[in-house]
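The next block holds one structure in the form of structure tokens; read it before the comments.
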Amino acid sequence: MPEHSNEQLNAMENCLNGFGYFVYDLSNTSSFALADPAGGQDSYYIESPSRKQVILESFNHLLTDGVLPMMYLLALWDLLSDIPLSMYSDEIDEPFLHFPKRTERFHIWHWFETHNGFMVGNFV
């Protein structure tokens, strides 16, 4: 699993919380879980001994099933500005969200532009 900064994990968890998903510690099991508190037909549940794993898998689920509100996209865009680029290319030197190290910056920009009318040109 790629190494994500605590700041990235916190941003992902805040985004999940905004959609009504909450990571919680399962009593007496040394496990963490995330579930939709509504528990409806479309609810999502994951359990893992790793809080980080729950956050990453749940966030990836949200990305494939939901539309990210602009406020979360802007927060994630701000986090991207802290990710170093390779000295010799436009590839990131650390993982970012679901993108592994060495992903081209333009690929990440394209991902942002596929969500909620986000326009990279307004922010570079």
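Can you compute 3J(HN,Hα) from phi for each residue in segment 116-124, using the Karplus curve 6.51 cos²θ - 1.76 cosθ + 1.60 with θ = phi - 60°, rounded to whole Hz and x for Gly and Pro?
For segment 116-124, the Karplus-derived couplings read 6, x, 4, 10, 4, x, 6, 10, 9 Hz, x marking Gly and Pro.
Report the rotationally averaged projected area of segment 70-122 based on its alpha-carbon convex hull, in square nanometres.
Values: hull surface 14.0 nm².
Over all viewing directions, segment 70-122 projects a mean Cα-hull area of 3.5 nm².
Considering amide H positions built from the backbone, and no H for Pro or chain starts, which residues 5 or more places from Leu85, or on another chain, come under 5 Å of its amide H?
Those qualifying (amide H under 5 Å, at least 5 residues apart or on another chain) are Asp93.
What order, most packed first, do the peptides 50-58, 6-14, 115-123 have when packing is the mean number of other Cβ atoms within 10 Å of each residue?
50-58, 6-14, 115-123
Quick note: the coordinates plus some simple rules give every number you see, no bench work behind them. What you are looking at is a predicted structure, and each value in this text was computed from that prediction instead of being measured. Quick reminder, even Gly has a Cβ in these numbers, built from the backbone with ideal geometry, and neighbours come from all protein chains shown.
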